[in-house]
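Data first, discussion second: the structure below is written as structure tokens.
The values are calculated or read from the model by the stated rules, or taken from the named source; none is laboratory data. Since we're looking at a predicted model, the values are computed, not measured. Cβ sites come from the backbone with ideal geometry, for glycine too, and all protein chains shown count toward neighbours. For the accessible areas, the whole protein counts, side chains as well, though only heavy atoms, and no ligand, DNA or RNA atoms are used. Shrake-Rupley method; radii C 1.70, N 1.55, O 1.52, S 1.80 Å.
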Amino acid sequence: MKLAILSLTLGAACAFTPSAPVSVQTTLAMSEAAVEPEPVIPTVAPINGWVPDESLPCFGLPGAVAPLGFFDPLGFTKDMELLGVKRFREAEIMHGRVAMMATLGYLIGESTPTITYGMNVHHTIANNQIPEIPGTVIFPFFLAINIAEAVRANTGWVEPGLGPLFTLRATYYPGDINFDPLGLKPTNGKDFANMQTKELNNGRLAMLAAAGMCAQEIVNGKGILENLGF
């Protein structure tokens, strides 16, 4: 009888005894795991160090420099989606590259010996020289242009039938066709953006220069250097 009473007493006492405390470290670890923020994964993978940012003009593409900064007075890129902005940048940089070559072409074609004209300085203005070039010379030239454009299209654009027309690849950086024979392309994103800005500025200046040269020769029919008194 005494043994039964003792067992009941011990059982009642154990019922009011607090349970073993949970480890403080375990509790803290659980709380930290609960509030730990998830890593932010960009919706578009970085390309040459550039990550599109909707809060920035042109999604943060380089090219906005002092004193004008971001210059789009007609609002071509206002509320434009990423694909459209990349297409506009592709067009700008390609036209800039063509204009830089055209600017040199005006000056060199009018003032230096060339194979086409028998290594004699040809004084015909550049605007009139293309019709004078023989077909045997100009055909390889246009063939080279077609091959270069085919490579560029295959590198940067989605094939017709595999997506919407005029769509750049998601992993393609406008103008970067992986052509760098001299190894000048920076590996650092900041340095790449700086070089891209320099190329854009030179291309923009060349577009204005080439247009001015063409207009000047139409107006007075003189070569560029001849018009300057050389």
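Computed values, structure above
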read-out	value
Condition broken by I147, with the remaining ones in (1) over 30 Å from L68 (Cα atoms); (2) modelled with pLDDT of 95 or more; (3) in a loop (DSSP other than H, G, I, E, B) satisfied	(3)
Selected residue (only one of T155, T171 is closer than 28 Å to K198 by Cα, out of contact with any Asp or Glu (no Cβ under 8 Å at 6 or more places or on another chain), open to solvent by 100 Å² or more (accessible area, probe 1.4 Å) and among the polar types (S, T, N, Q))	T171
Pairs where the first residue, in segment 69-96, is within 21 Å of E199 (Cβ to Cβ) and the second is of a type in the set (D, E) and not in a loop (DSSP other than H, G, I, E, B), C-beta under 8 Å, 6+ apart	I93/E199; G96/E199
Filtered residue count, segment 165-195, keeping only those that are touching a Gly at 6+ places or on another chain (Cβ under 7 Å) and within 23 Å of V151 (Cβ to Cβ)	5
Of all residues in segment 213-230 being among the charged types (D, E, K, R) and in a helix (DSSP H, G or I), the one that is surrounded by the fewest Cβ atoms within 10 Å (Cβ to Cβ)	E226
Cβ-Cβ under 9 Å pairs, at least 6 apart or on other chains, segment 198-222 side touching a residue at least 40 places away in the same chain (Cβ under 8 Å) and under 14 Å from M101 (Cβ atoms), far side among the acidic types (D, E) and surrounded by 12 or more Cβ atoms within 10 Å (Cβ to Cβ)	G203/E92; M207/E92
Segment 66-124, subset open to solvent by 50 Å² or more (accessible area, probe 1.4 Å) and β-branched (V, I, T), residue modelled with the highest pLDDT	V98
Residues of segment 174-212 satisfying the condition of being under 13 Å from the mean Cα position of the chain (by Cα), of a type in the set (V, I, T) and either within 19 Å of R152 (Cβ to Cβ) or exposed (fewer than 12 other Cβ atoms within 10 Å of the Cβ) (or both)	I177
Condition met for E90 (over 16 Å from L200 (Cα atoms), of a type outside the set (A, V, I, L, M, F, W, C) and assigned to a helix (DSSP H, G or I))	no
